[in-house]
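Enquirer: Can you keep this structure in mind? I'll have questions shortly.
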Amino acid sequence: MSDTPRGPRKPGKPYRRPKKDPVRILAFEALRAVDERDAYANLVLPPLLRKAREKEGPERFDGRDAALATELVYGTLRWQGTYDAVIAACVDRPLREVDPPVLDVLSLGVHQLLGTRIPTHAAVSASVELARVVLGDGRAKFVNAVLRKVAQHDLAGWIEQVAPSYDEDPEDHLAVVHSHPRWVVSALWDSLGGGRAGIEALLAADNERPEVTLVARPGRCTTEELLDEEAAVPGRWSPHAVRLTEGGEPGAIAAVREGRAGVQDEGSQLVALALADAPLDGPDERWLDGCAGPGGKAALLAAVAAARGAVLLASEKQPHRAGLVAKALSGNPGPYQVIAADGTRPPWRPGSFDRVLMDVPCTGLGALRRRPEARWRRRPEDLEGFAPLQRALLHSALDAVRVGGVVGYATCSPHLAETRAVVDDVLKQRPETELLDARPLLPGVPDLGEGPDVQLWPHLHGTDAMYLALIRRTG
């Protein structure tokens, strides 16, 4: 990128090189990776931050720099829909005609103006300097003009201008106010049921920064060890969970570095533990995780299985993800096996397992707190692509379990088309099965609905929106 000025310079006014702000440049680079490569911020940002910490001189990041860069990236992605509506009201062309890099700089600026406590003059000047560095002086003037318009109102003032009234169009109102695509608002509302208060609380929870939750893998680590860490408190529901209330870097914790503990949402832990504790008829020796990547649930299941003298087979279709599973299970206190195999065309014999977990690929609408860009990336038609695979994997799981054994069907999506619709369709074709009541297997967890399946929610349980149905094979 050139620092050469674009356009004529005013007579007698010397050219000033733009000030390079490492924090905002890094945030811009992360947003460009998310847009250009369909990358996820939670995968792109850590290596960028690590590299910035390793630099020497004024560009080296400290903890405050890393925290600001993280807030800029995640905040901008979460509120993209609302900010797009605000920017659209301040430019004289459709947003699709604004170059994506320019839109990223504008969005970063809008987030500083409307979503942080950064003073207005500092937010505008820092964004214009960033534009000069990454876009050039000409487009920096455009950024300056737009942000000065944005700065005329706070977030509440802008929402009053750009969002339709709730009475006029409830779904579109909520979509703009809470920065979710309209179809996602509609789908979540259908899954949640109830009135306005519940859906507003859920959408608001999607926009909150989630705590980092750790799992102490049984036989390898204890919660007491993890609770010795700074700002660590017990999990809400899982006996193996510890929450880091002030964020922090999990990789700095010895147990996590050594694989004895891991980063795992409590909802994910609860799903694995519920399957492990489901009542069985007969032996309890062979367990299967049929969609094991990247390995969090498999590592917890393998540890619990080892304590009971059982063995886990962890299967993952993609070889590189199977490698992640093997890494997560390395050091497990008992025997286990990891294979790369297609769960819809399995290498194991029917009826081979006592317990089977099938956490199927899905839209991921239950983890929008952690992957805010997914809400803008997903489309309603994606559901049609997942549907046949989800049904095929559940059929395969029911084939794999022996009579008297139990299958756990799980998704990280609350969408009815990925949860109850799949279970209902498959069980209609499988008269040799019965649904178990999963609620007693999540002891102490409130608001689990009418059952027999379970849907967790960010606003009610502080977890990702995990779904679980437990199915016993009866014949």
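The values are calculated or read from the model by the stated rules, or taken from the named source; none is laboratory data. For clarity, every value in this text was computed on a predicted model and none was experimentally measured. Counting neighbours? That spans all protein chains shown, and the Cβs are built from the backbone with ideal geometry, glycine included. Heavy atoms of the whole protein, side chains included, go into the accessibility calculation; ligands, DNA and RNA do not. Shrake-Rupley method; radii C 1.70, N 1.55, O 1.52, S 1.80 Å.
Enquirer: Among the residues of region 397-410, which ones are open to solvent by less than 10 Å² (accessible area, probe 1.4 Å) and either assigned to a strand (DSSP E or B) or in contact with a Pro (Cβ under 8 Å, 6 or more places away or on another chain) (or both)?
Expert: Of everything in region 397-410, those that are open to solvent by less than 10 Å² (accessible area, probe 1.4 Å) and either assigned to a strand (DSSP E or B) or in contact with a Pro (Cβ under 8 Å, 6 or more places away or on another chain) (or both) turn out to be A400, V401, G404, G405, V406, V407, G408, Y409, A410.
Enquirer: Of all residues in region 293-322, how many are assigned to a helix (DSSP H, G or I) and within 21 Å of the chain's Cα centre (by Cα)?
Expert: Kept after step one, since they are assigned to a helix (DSSP H, G or I), are these residues of region 293-322: 296-308, 319-322.
Then drop every residue that is not within 21 Å of the chain's Cα centre (by Cα), which leaves 296-300, 320-322.
Total meeting the criteria: 8.
Enquirer: Checking the structure you have, find out if any residue of region 59-74 is open to solvent by less than 50 Å² (accessible area, probe 1.4 Å), outside any helix (DSSP H, G or I) and at pLDDT below 95.
Expert: Yes, that holds for at least one residue.
Enquirer: Being in a helix (DSSP H, G or I) and surrounded by fewer than 16 Cβ atoms within 10 Å (Cβ to Cβ) is the filter here; which residues of region 142-161 pass it? Outline the logic, then answer.
Expert: Pass one, region 142-161, residues in a helix (DSSP H, G or I): 142-150, 155-161.
Of everything in region 142-161, those that are in a helix (DSSP H, G or I) and surrounded by fewer than 16 Cβ atoms within 10 Å (Cβ to Cβ) turn out to be A145, R148, K149, A156, G157, E160, Q161.
Enquirer: Considering only residues that are in contact (Cβ under 8 Å) with a residue 60 or more places away in the chain and crowded, with 24+ Cβ neighbours inside 10 Å, look in region 293-302 and name the one that is nearest to L394 (Cα to Cα). If you could, list the steps in order and put the result at the bottom.
Expert: First, the residues of region 293-302 that are in contact (Cβ under 8 Å) with a residue 60 or more places away in the chain: 296-297, 299-300.
Pick out the ones that are also crowded, with 24+ Cβ neighbours inside 10 Å and you get 297, 299-300.
Details: K297: 17, A299: 21, L300: 21 Å.
The selected residue is K297.
Enquirer: Further question on the same structure: When region 267-292 is examined, which residues are found to be farther than 20 Å from A326 by Cα, open to solvent by 10 Å² or more (accessible area, probe 1.4 Å), part of a loop (DSSP other than H, G, I, E, B) and in contact with a helix residue (DSSP H, G or I) (Cβ under 8 Å, 6 or more places away or on another chain)?
Expert: The one that is farther than 20 Å from A326 by Cα, open to solvent by 10 Å² or more (accessible area, probe 1.4 Å), part of a loop (DSSP other than H, G, I, E, B) and in contact with a helix residue (DSSP H, G or I) (Cβ under 8 Å, 6 or more places away or on another chain): D284.
Enquirer: In region 365-378, what residues are under 22 Å from L273 (Cβ atoms) and either surrounded by fewer than 23 Cβ atoms within 10 Å (Cβ to Cβ) or in contact with a His (Cβ under 9 Å, 6 or more places away or on another chain) (or both)?
Expert: The answer is G366, R369, R370.
Enquirer: Scan region 436-454 for residues that are out of contact with any helix residue (DSSP H, G or I) (no Cβ under 7 Å at 6 or more places or on another chain) and part of a strand (DSSP E or B) and jot them down.
Expert: Correct list: L436 only.
Enquirer: Looking at L389 and the list (1) in a helix (DSSP H, G or I); (2) over 29 Å from E211 (Cβ atoms); (3) open to solvent by less than 40 Å² (accessible area, probe 1.4 Å), which single condition is not satisfied?
Expert: It is condition (3) that L389 fails.
Enquirer: Follow-up question, since we're still on this one. List the number of the failed condition for V263; all other conditions in (1) without any contact (Cβ under 8 Å) to a residue 60 or more places away in the chain; (2) open to solvent by less than 50 Å² (accessible area, probe 1.4 Å); (3) under 10 Å from L214 (Cβ atoms) hold.
Expert: (2)
Enquirer: On the basis of being within 26 Å of E200 (Cα to Cα), assigned to a loop (DSSP other than H, G, I, E, B) and open to solvent by 20 Å² or more (accessible area, probe 1.4 Å), does L460 make the cut? Reasoning before the result, please.
Expert: On the way: within 26 Å of E200 (Cα to Cα): yes; assigned to a loop (DSSP other than H, G, I, E, B): no; open to solvent by 20 Å² or more (accessible area, probe 1.4 Å): yes.
In short, no.
Enquirer: Which one of these is assigned to a loop (DSSP other than H, G, I, E, B), more than 18 Å from A274 (Cβ to Cβ) and aliphatic (A, V, I, L, M): A465, A417?
Expert: On the way: A465 fails: more than 18 Å from A274 (Cβ to Cβ).
Just one listed residue meets the conditions, A417.
Enquirer: Among residues belonging to region 411-440 that are in contact with a strand residue (DSSP E or B) (Cβ under 7 Å, 6 or more places away or on another chain) and farther than 15 Å from V360 by Cα, point out the one that is surrounded by the fewest Cβ atoms within 10 Å (Cβ to Cβ).
Expert: Within region 411-440, the match that is surrounded by the fewest Cβ atoms within 10 Å (Cβ to Cβ) is E432.
Enquirer: Looking only at helices (runs of 4 or more DSSP H) that fall completely inside region 171-230, which ones have 2 or more residues that are more than 30 Å from G334 (Cα to Cα)?
Expert: In region 171-230, the matching helices (runs of 4 or more DSSP H) lie at 182-192, 196-206.
Enquirer: Which residue pairs have Cβ atoms under 6 Å apart, sit 6 or more places apart or on different chains, and have a first residue in region 28-54 that is within 17 Å of R375 (Cβ to Cβ) and a second that is open to solvent by 60 Å² or more (accessible area, probe 1.4 Å) and modelled with pLDDT under 95?
Expert: Y40/R371
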